[in-house]
Amino acid sequence: GDTAVIKALLDGGANPFLTLPDGTNALLLAAGQGYGGVRGDGIRIVVPTPEDAAGSVQLLLDRGVDVDSFNTAGNTALHAAVNRGDAVVRVLASRKARLIKNKAGVTPLEVAQGAGGRGRGRGGAPREPRESTLAIFRQYYPDAFAAAKTN
């Protein structure tokens, strides 16, 4: 999420297309894949704001990383961004990220609606929908909402 560092690395020849063994690439990481928020009292690295993360996502997209790239779980940057912040979701949506189902059969829209894996709250209760994120999805993906009403 440190856009200046990512830019310096890319300008120095770093390969933005490398992945972790599970297929997670720099775009997914910048978008929030693996982000669990701040926990505990221990020393930690500085966590970028959603706006900083959005800048990093934009930079990686500008350098040619596929907006719809995914890891072995089928998660895309848009899946990750739902939990990271609306600024990141907006960048990806504006770059035409698709609402792809992951291996669990869940789209980023459904994650925003409260579905998906770790999306359950304490005690197994369903997670609350992210209304601000859903508003972004309504703006960029109106057909997804129209299709849901007819099903």
Of the conditions (1) under 18 Å from Leu134 (Cβ atoms); (2) in contact (Cβ under 8 Å) with a residue 24 or more places away in the chain; (3) aliphatic (A, V, I, L, M), Ala104 satisfies every one except a single condition; which number is it?
(1)
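Of these, Gly114, Gly105, Gly119, which one is open to solvent by less than 80 Å² (accessible area, probe 1.4 Å), modelled with pLDDT of 80 or more, touching a Lys or Arg at 6+ places or on another chain (Cβ under 8 Å) and not polar (S, T, N, Q)?
Working: Gly105 fails: touching a Lys or Arg at 6+ places or on another chain (Cβ under 8 Å); Gly119 fails: modelled with pLDDT of 80 or more.
That would be Gly114, the only listed residue that is open to solvent by less than 80 Å² (accessible area, probe 1.4 Å), modelled with pLDDT of 80 or more, touching a Lys or Arg at 6+ places or on another chain (Cβ under 8 Å) and not polar (S, T, N, Q).
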Only residues that are out of contact with any Gly (no Cβ under 8 Å at 6 or more places or on another chain) and either without any contact (Cβ under 8 Å) to a residue 12 or more places away in the chain or β-branched (Val, Ile, Thr) (or both): list them for the range 1-19, please.
Ala4, Val5, Ile6, Ala8, Leu9, Asp11, Gly12, Gly13, Ala14, Asn15, Leu18, Thr19
For the structure I just gave you, tell me whether Val67 is at pLDDT 90 or above, assigned to a helix (DSSP H, G or I) and touching a helix residue (DSSP H, G or I) at 6+ places or on another chain (Cβ under 8 Å).
no
Step by step: first the residues of the range 124-147, then only those that are modelled with pLDDT under 95 and of a type in the set (Gly, Ala, Ser), then the one that is surrounded by the fewest Cβ atoms within 10 Å (Cβ to Cβ). Which residue is that?
Gly124
How many residues does the range 71-89 contain that are outside any helix (DSSP H, G or I) and either free of Cβ contacts under 8 Å to residues at least 24 places away in the same chain or crowded, with 20+ Cβ neighbours inside 10 Å (or both)?
4
When every residue in the range 24-47 that is touching a Gly at 6+ places or on another chain (Cβ under 8 Å) and surrounded by fewer than 22 Cβ atoms within 10 Å (Cβ to Cβ) is compared, the one modelled with the highest pLDDT is Thr24
Has the range 5-22 got any residue that is surrounded by 19 or more Cβ atoms within 10 Å (Cβ to Cβ), outside any loop (DSSP other than H, G, I, E, B) and at pLDDT below 95?
yes
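The values are calculated or read from the model by the stated rules, or taken from the named source; none is laboratory data. Remember, predicted model here, so these are calculated numbers, not experimental data. Here Cβ is always computed from backbone atoms with ideal geometry, including for glycine, and neighbour counts include all displayed protein chains. What goes into the accessible areas is simple: the full protein's heavy atoms, side chains included, and nothing from ligands, DNA or RNA. Shrake-Rupley method; radii C 1.70, N 1.55, O 1.52, S 1.80 Å.
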